[in-house]
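The block underneath contains the structure these notes are about, expressed in structure tokens.
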Amino acid sequence: MSTDAFSVAIGKGASLKNPRFTQALRLGLIFGIVEAITPLIGWGIGRSTTYFIDAAFIERWDHWVAFVILVGLGIYMFFESLQSDDDEDDTDEKPAKMSLAKTMLTALGTSIDAMAIGVSLAFIEVNILVAAALIGLATAIMVTIGVMLGKALGALIGHRAEMFGGAMLVAIGTWILLSHMMG
């Protein structure tokens, strides 16, 4: 479940201007917390609405929600990168930052599948708190590593890194949609 968040983190790390480990860890923690909360929400939905909503209902829509969020953010990042090309000559530029709202929305987009998993877990005997904590921890680690790997990639591709990050979000959103429709 953390692979889409990892891919997004690589793109984000590439688009940030020299992210520090603390910034990568902060993004990792945000993504990890969101990824841990969403299966809990799904589990709660599954437990409370077994007669009204089942896992199949959420699985029919989760990929569409993730697709819209990730593609929308990716297109926004792509066009934002085109506008920032005009300001490229400014050497005193501050590091690019991702707003908390954009970070949370991106984390939610990559965590929708975890909510569907949570609904499924409601129908079997599992300690949901342990499962959610492990999912969140794995995501936090993978996102932190992904941002730092993206930093190295950003150094290789330079000012086109934000464009690459936007394209990566569009690709991940499309992959989520296609993988659910074909599988």
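The values are calculated or read from the model by the stated rules, or taken from the named source; none is laboratory data. None of the values given here were measured: they were computed from a predicted structure. Cβ coordinates were reconstructed from backbone atoms using ideal geometry, including for glycine residues, and neighbour counts include every protein chain displayed. To get the accessible areas, we keep the full protein, side chains included, count just its heavy atoms, and leave off ligands, DNA and RNA. Shrake-Rupley method; radii C 1.70, N 1.55, O 1.52, S 1.80 Å.
Points worth noting:
- Subset of segment 155-179 that is open to solvent by less than 80 Å² (accessible area, probe 1.4 Å) and farther than 25 Å from F21 by Cβ - its residue that is farthest from the chain's Cα centre (by Cα): S179
- Taken as a whole, segment 113-128 holds no residue that is more than 15 Å from D62 (Cβ to Cβ), crowded, with 19+ Cβ neighbours inside 10 Å and polar (S, T, N, Q).
- In segment 132-154, residue least open to solvent (accessible area, probe 1.4 Å) [restricted to those that are in contact with a Pro (Cβ under 6 Å, 6 or more places away or on another chain) and within 19 Å of F164 (Cβ to Cβ)]: V147
- Number of positions in segment 11-33 that are crowded, with 24+ Cβ neighbours inside 10 Å, more than 11 Å from T144 (Cβ to Cβ) and of a type outside the set (D, E, K, R): 3
- Close pairs (6 angstrom Cβ cut-off, 6 or more residues apart or separate chains): assigned to a helix (DSSP H, G or I) and among the hydrophobic types (A, V, I, L, M, F, W, C) in segment 1-15, surrounded by fewer than 24 Cβ atoms within 10 Å (Cβ to Cβ) and modelled with pLDDT under 80 anywhere: A14/L153; A14/F164
- Residue pairs meeting the criteria (Cβ under 8 Å; at least 6 apart or on separate chains; first open to solvent by 90 Å² or more (accessible area, probe 1.4 Å), in segment 66-93; second at pLDDT 80 or above and of a type in the set (G, A, S)): V68/G173
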